[in-house]
Amino acid sequence: MLLRAPSAAISVANSRGENLVPLFSASSSSSSSILRLSPVRNGGCLIVSASKGSNTRPLTGVVFEPFEEVKKELSLIPTAPQVSLARQKYSDACEAAINEQINVEYNVSYVYHSMFAYFDRDNVALKGLAKFFKESSEEERDHAEKLMEYQNKRGGRVTLESMIKPLCEYENEQKGDALYAMELALSLEKLTNEKLLHLHKVAEENGDVQLTEFIESEYLGEQVEAIKKISEYVAQLRRVGKGHGVWHFDQMLLHEGA
């Protein structure tokens with residue numbers, strides 16, 4: 001164990017006050033010295049003490065006082081009940097960008113829910129596609145809720161906007177409904193990725209390291225994976241055309257992960 005002390009002699013004493021082992025002697029060439037404590041094998045109670053000359057006084061403890069920085073932070077804690085106590089270094093621009101992304105996620109979830117309802121119809125009956133879009137809708141809603149929780153954690157205010165009415169029909173004479181809906185899904189995932197990158201840029205511009213780490217760890221990697229997967233689905237649907245191949249593709253989605 002190393003201690004740094006002012007110019008004074010340090011010794012180890014037993015319970016009777018007898019000096020046993022000198023640990024440190026004052027030096028005129030230095031205002032402080034490094035102390036190395038070694039165990040003393042004498043069976044008695046050891047007291048580490050600082051002394052000048054032959055005077056020995058036990059060290060009783062150290063008194064800590066608040067740093068000036070802590071005093072400053074203490075004065076910044078709000079007292080108004082409507083103001084967040086947790087907010088720290090969280091800019092208005094980041095708060096607004098988070099709210100924008102929440103509404104993007106909810107709107108994408110709304111479109112996917114509409115797709116689920118379409119493919120679940122009795123006269124469409126593509127249960128695999130219905131399952132895929134229902135799960136996609138729930139995933140986007142989970143993303144929105146995670147952003148809402150983060151907004152509250154940082155001391156921001158969640159502001160929800162009205163959602164745009166999605167399509168209800170996905171029939172397409174040239175492409176067929178399955179390919180048309182999957183291409184639309186790919187466009188939505190790329191749009192969501194663009195919005196997330198914008199949010200990340202806002203966080204960087206405002207020096208918010210915590211927000212950039214949150215976006216990187218929770219969203220960006222997952223978004224790239226989603227774009228890759230849906231791109232493959234689009235390629236497969238283009239290959240099978242509008243006929244019987246769509247049913248086989250639907251069956252693949254239905255039993256995927258089962």
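Filtered by the rule that a residue be more than 17 Å from the chain's Cα centre (by Cα), open to solvent by less than 70 Å² (accessible area, probe 1.4 Å) and either under 15 Å from residue 114 (Cα atoms) or touching a residue at least 24 places away in the same chain (Cβ under 8 Å) (or both), region 139-179 gives 140, 158, 159, 166, 170, 176, 177, 178, 179.
I'd like to check something: does region 184-199 contain any residue that is among the β-branched types (Val, Ile, Thr) and in a loop (DSSP other than H, G, I, E, B)? Within region 184-199, none of the residues are among the β-branched types (Val, Ile, Thr) and in a loop (DSSP other than H, G, I, E, B).
Listed here are the residues, each with its yes/no results for (1) among the small types (Gly, Ala, Ser); (2) modelled with pLDDT of 95 or more; (3) in contact with a Leu (Cβ under 7 Å, 6 or more places away or on another chain); (4) under 15 Å from residue 222 (Cβ atoms).
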{"position": "101", "(1), (2), (3), (4)": "no, yes, yes, yes"}
{"position": "107", "(1), (2), (3), (4)": "no, yes, no, no"}
{"position": "118", "(1), (2), (3), (4)": "no, yes, no, no"}
{"position": "128", "(1), (2), (3), (4)": "yes, yes, yes, no"}
{"position": "155", "(1), (2), (3), (4)": "yes, no, no, no"}
{"position": "167", "(1), (2), (3), (4)": "no, no, no, no"}
{"position": "177", "(1), (2), (3), (4)": "no, yes, no, no"}
{"position": "184", "(1), (2), (3), (4)": "no, yes, no, no"}
{"position": "196", "(1), (2), (3), (4)": "no, yes, yes, yes"}
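Taken over region 228-258, the residue count meeting the criterion of being of a type in the set (A, V, I, L, M), open to solvent by 60 Å² or more (accessible area, probe 1.4 Å) and either at pLDDT 95 or above or farther than 18 Å from residue 135 by Cβ (or both) is 2. Counting residues in region 243-257 that are outside any helix (DSSP H, G or I), under 35 Å from the mean Cα position of the chain (by Cα) and touching a residue at least 24 places away in the same chain (Cβ under 8 Å) gives one or more.
The values are calculated or read from the model by the stated rules, or taken from the named source; none is laboratory data. For clarity, every value in this text was computed on a predicted model and none was experimentally measured. Neighbour counts run over all protein chains shown; Cβ positions are idealised from the backbone, glycine included. For accessibility, only protein heavy atoms count, side chains too; no ligands or nucleic acids. Shrake-Rupley method; radii C 1.70, N 1.55, O 1.52, S 1.80 Å.
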